[in-house]
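Visitor: Dropping the structure in here first, questions after.
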Amino acid sequence: MVAARGPQTRVLITDAVDAQRTARTLLDAEQRLVTEILGIADAHRRQLFAQSLHQADIERLRETADGRLRLGSLRAAGLTTVGQLIARRHQLREYPGMGPTSVAAIEAAIEALAESVEAGTLLRPDPDRRSPADTQLLLSLHRLAVVRRRVRPVLGRARELHQGITGSIDGARRATSRWRSLFRGRRGRQADLAALTTLEAALRSPRMTTARTKMLAAAAALAHEPTAKQLWRRYQADAATYLTLLAEVTGRDGGEQRPAGYLSPGDAARIDDLRLDTSLLISTLRGYQSFGARFMLAQRRVILGDEMGLGKTVETLAAMCHLAAQGERHFLVICPPSLAGNWMHEIRRHCRLIPRLLYGGDFAKNTAAWRGQGGIGVSTYTALSRMDLKGIKVAMVAFDEAHHIKNPTAKRTEQSRRLIERIERVALLTGTPMENRVAEFAVLTEHINPTVARQAAAAPSPEAFRHAIAPAYLRRNQSDVLTELPARIETAQPVSLARDEVTGYRKAVWDGHFMTMRRATFGDPTRTSTKLEHIRQIAHEAMVEGHKVVVFSYFRDVLTAVAAALGSRAHGPLTGATPPLQRQDVIDAFTASRKPAVLVSQIDVGGVGLNLQTASVVILVEPQWKPSTEEQAIARCHRMGQVRPVQVFRLVAEDTVDTRMRELVAGKAALFDEYARPSAAKDANAQAIDTTDNDGTRAAAERQIIEQERARLRESGD
């Protein structure tokens, strides 16, 4: 037992008080920050709401009232905004023609508009304005993110330590005070000395010593505050974390977005009843992401078809973390080689499971580590043939960009199918499971659930098709769940060819060289390219305004020309020849750049599976055969975590193959909407729609376009 009084005892009491204060700070931190964020958000939203209402043109009132309001006399009197009407609403009867009925109609329209504006008033800190209110909101969200990441893991120990100290510290203090001991009596003094002994044992035990060390580290992380400049930089690099926390705290999450009306009551109940264990997950889930993870776990073998940019990666990791928390050890991700580095990066970022790269030069070494120690093995479709899983129970496998295994005769499809058949939980991840025909979707469904595939194949209508696939297929769209997502502004930029470019294009048409036709404006490196000048101008203006830009093209020589023209601000080009892991290095350098920059990428490389939300300007150099190719490329930027409106520029050379290709592929986008995207159903038969896109049909389409262009040139006398 320690001496009742003395320097050591006083140090012990001081340590106990400090530990108690630290524990209490950590235990209260999350609720305090939630309250703080709610207050800031509410005040900020009311300010934005008032600004929006006061700046609204009075014509919006006419729209609200279905055009029945009389506003002419008010406009004549100089009242042009709703704010002006609100300020003078008690004087409206003084204006000509404003009787009680008209005034009542205007007031009703103002109330209706106010409700609409309030519902649509969303908080999204604007990096271009950086208002003090936004900065304060970001700081509180930053603190909450630290609490979730650093404080939550030590809360159990903090609570245990706090309870141990709280129960003993008063008695220990009395034991160290001569005057207070005088009035305690013998039993009281014995009890106080016992409390002092208990307190010392609690503070000096190895368990609590470790707990105090972790608590102090967590408290230090919470106390460390970035500067405003650093805060905004972190927000732009990882806005998804901040906006997810904001949506959760303010209750504007968008909900779970289940496929209502399609899941059976039994399936829906099983998903709802599952309690997701996120103890190994670092990131915070949106409501719809939690539902997606639980859908994968409850249904076991699924296609996750969420629209690009909604976080299929983190949903998959959440499911794996849940299983790992239940004792499972081995997980697999199969992806194209270009995405292996991205998966390694995202696993480290979102969860506490260890990623192992089962691909490349260290395949054998990393595979041995994965087999022995577990974690998430990241491999590729090309490495499947080398994978030996004997003696290993894989709890779950995810196939990213799963449309790569839609061809039933391809070797990688056969190898993937063998892996799928031996693993209990399988998730096929793809935002475009039905790029060209319903039959492709049937192949993917057949991989995981042949019964559902047969029922879907027999569906007589799109509505019946969606009911049939509901047990195995989940898709949510950006417009459904990301209410805070900025606008996407698309511009078809017409490009008039220069005289020498027209000459080169005509020659390519008469020679029947389709690929030369597609890149006619880049054919001769010795001359100025019209499209290149447009790219240079758009990129320059965007960078002057502080925006990052991504330029996508199918052709490597085009990308080389673009990178050379843009100089030191250009990152890349990323092409199929860029080693997979090096691609992530290029992406990281582009993302980390503090200055506006341009990423130059082949559309089939940078347009799939990567996160480029730090860029807000996208340039598509030429049209692509598949609408999904362009959509995926745009979705690399217009995705969760984007904080600026995304401007998309499609460069379309007038009177060329560009126009013909856009016309020819326009119908493809409607197919996916008809069957796999929740939308109004139309009466059609699933077997009747087939816009197959294989080598034969593409070659036929190329010949068709060449003949169309030759006919056009004949008519024009060229």
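Visitor: Within the bounds of segment 80-100, is there any residue that is without any contact (Cβ under 8 Å) to a residue 40 or more places away in the chain and in contact with a Pro (Cβ under 9 Å, 6 or more places away or on another chain)?
Guide: Within segment 80-100, one or more residues are without any contact (Cβ under 8 Å) to a residue 40 or more places away in the chain and in contact with a Pro (Cβ under 9 Å, 6 or more places away or on another chain).
Visitor: So, one more: Are there any pairs, at least 6 apart or on different chains, whose C-beta atoms fall under 6 Å, with the first in segment 561-576 and within 14 Å of residue 531 (Cβ to Cβ) and the second part of a strand (DSSP E or B), and if so, which?
Guide: 562/551; 562/600; 566/598
Visitor: Further question: Counting only residues that are over 27 Å from residue 478 (Cβ atoms), give me the strands (runs of 3 or more DSSP E) lying completely in segment 282-383 with at least 2 of them.
Guide: Working: elements: 301-304, 330-335, 355-357, 375-380.
By residue number, 330-335, 355-357, 375-380.
Visitor: Look at residue 513 and say whether it is under 21 Å from residue 491 (Cβ atoms) and not aromatic (Phe, Trp, Tyr).
Guide: Judged against the criteria, residue 513 is not a match.
Visitor: Can you pull out every residue in segment 165-194 that is part of a helix (DSSP H, G or I) and either modelled with pLDDT of 80 or more or among the β-branched types (Val, Ile, Thr) (or both)? Please lay out each step first, then the result.
Guide: Pass one, segment 165-194, residues part of a helix (DSSP H, G or I): 165-175, 178-182, 185-194.
Scanning segment 165-194 gives 165, 166, 169.
Visitor: Against the conditions (1) under 37 Å from the mean Cα position of the chain (by Cα); (2) crowded, with 18+ Cβ neighbours inside 10 Å; (3) β-branched (Val, Ile, Thr), where does residue 491 fall short? Just the number, please.
Guide: For residue 491, the failing item is (2).
Visitor: Among 74, 53, which is under 32 Å from the mean Cα position of the chain (by Cα), surrounded by 18 or more Cβ atoms within 10 Å (Cβ to Cβ), within 20 Å of residue 88 (Cα to Cα) and not acidic (Asp, Glu)? Walk me through it before giving the result.
Guide: Details: 74 fails: under 32 Å from the mean Cα position of the chain (by Cα).
From the options 74, 53, the qualifying one is 53.
Visitor: Which numbered condition in (1) in contact (Cβ under 8 Å) with a residue 24 or more places away in the chain; (2) farther than 30 Å from residue 642 by Cβ is the only one that residue 235 fails?
Guide: (2)
Visitor: Looking at (1) under 30 Å from the mean Cα position of the chain (by Cα); (2) touching a residue at least 60 places away in the same chain (Cβ under 8 Å); (3) exposed (fewer than 13 other Cβ atoms within 10 Å of the Cβ), find the lone condition where residue 29 falls short.
Guide: So the condition that residue 29 fails would be (3).
Visitor: Right, something else. Can you tell me which residue in segment 43-77 is nearest to residue 102 (Cα to Cα), limited to those that are in contact (Cβ under 8 Å) with a residue 40 or more places away in the chain and touching a Ser or Thr at 6+ places or on another chain (Cβ under 8 Å)?
Guide: 69
Visitor: Out of all the residues in segment 404-420, is one or more assigned to a strand (DSSP E or B), touching a residue at least 12 places away in the same chain (Cβ under 8 Å) and either under 22 Å from residue 355 (Cβ atoms) or among the basic types (Lys, Arg) (or both)?
Guide: No, there is no match, as no residue in segment 404-420 is assigned to a strand (DSSP E or B), touching a residue at least 12 places away in the same chain (Cβ under 8 Å) and either under 22 Å from residue 355 (Cβ atoms) or among the basic types (Lys, Arg) (or both).
Residues are listed down the side, and each one gets a yes or a no for (1) charged (D, E, K, R); (2) under 30 Å from residue 544 (Cβ atoms):
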| site | (1), (2) |
| --- | --- |
| 59 | yes, no |
| 82 | no, no |
| 99 | no, no |
| 102 | no, no |
| 109 | no, no |
| 113 | no, no |
| 118 | yes, no |
| 122 | no, yes |
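Visitor: Being surrounded by 14 or more Cβ atoms within 10 Å (Cβ to Cβ) and modelled with pLDDT under 85 narrows it down to one residue among 23, 65, 41, 87; which is it?
Guide: Details: 23 fails: modelled with pLDDT under 85; 41 fails: modelled with pLDDT under 85; 87 fails: surrounded by 14 or more Cβ atoms within 10 Å (Cβ to Cβ).
Being surrounded by 14 or more Cβ atoms within 10 Å (Cβ to Cβ) and modelled with pLDDT under 85 holds for just one of 23, 65, 41, 87, which is 65.
Visitor: Still on this structure, I have one more. When you go through (1) part of a loop (DSSP other than H, G, I, E, B); (2) surrounded by 18 or more Cβ atoms within 10 Å (Cβ to Cβ) one by one for residue 392, which number turns out not to apply?
Guide: (2)
Visitor: Within segment 412-430, which residues are touching a helix residue (DSSP H, G or I) at 6+ places or on another chain (Cβ under 8 Å) and either surrounded by fewer than 22 Cβ atoms within 10 Å (Cβ to Cβ) or polar (S, T, N, Q) (or both)? If you could, list the steps in order and put the result at the bottom.
Guide: Restricting attention to segment 412-430, the residues satisfying the condition of being touching a helix residue (DSSP H, G or I) at 6+ places or on another chain (Cβ under 8 Å) are 412-413, 415-417, 419-420, 425-430.
If the condition is that a residue be touching a helix residue (DSSP H, G or I) at 6+ places or on another chain (Cβ under 8 Å) and either surrounded by fewer than 22 Cβ atoms within 10 Å (Cβ to Cβ) or polar (S, T, N, Q) (or both), then 412, 413, 415, 416, 417, 419, 420, 425, 430 are the ones that fit.
Visitor: Please return the ranges of helices (runs of 4 or more DSSP H) entirely within segment 448-547 where 3 or more residues are within 22 Å of residue 708 (Cβ to Cβ).
Guide: In segment 448-547, the matching helices (runs of 4 or more DSSP H) lie at 499-511, 514-518.
Visitor: Here's something else I'd like to know. Could you please let me know if residue 218 is farther than 25 Å from residue 634 by Cβ and assigned by TED's automatic domain parsing to the domain that holds residue 331? First the steps, then the outcome.
Guide: Working: farther than 25 Å from residue 634 by Cβ: yes; assigned by TED's automatic domain parsing to the domain that holds residue 331: no.
No; evaluated as a whole, the condition is false for this residue.
Visitor: Looking at 628, 616 in this structure, which one is closer than 23 Å to residue 241 by Cα and buried (at least 19 other Cβ atoms within 10 Å of the Cβ)?
Guide: Being closer than 23 Å to residue 241 by Cα and buried (at least 19 other Cβ atoms within 10 Å of the Cβ) holds for just one of 628, 616, which is 616.
Visitor: Is it the case that segment 573-580 has a residue that's modelled with pLDDT of 90 or more, of a type outside the set (Ser, Thr, Tyr), in contact with a helix residue (DSSP H, G or I) (Cβ under 9 Å, 6 or more places away or on another chain) and surrounded by fewer than 23 Cβ atoms within 10 Å (Cβ to Cβ)?
Guide: no
The values are calculated or read from the model by the stated rules, or taken from the named source; none is laboratory data. Note that this is a predicted model, so its numbers are computed, not measured. Every residue, glycine among them, receives a Cβ derived from its backbone with ideal geometry; neighbour counts consider all protein chains shown.
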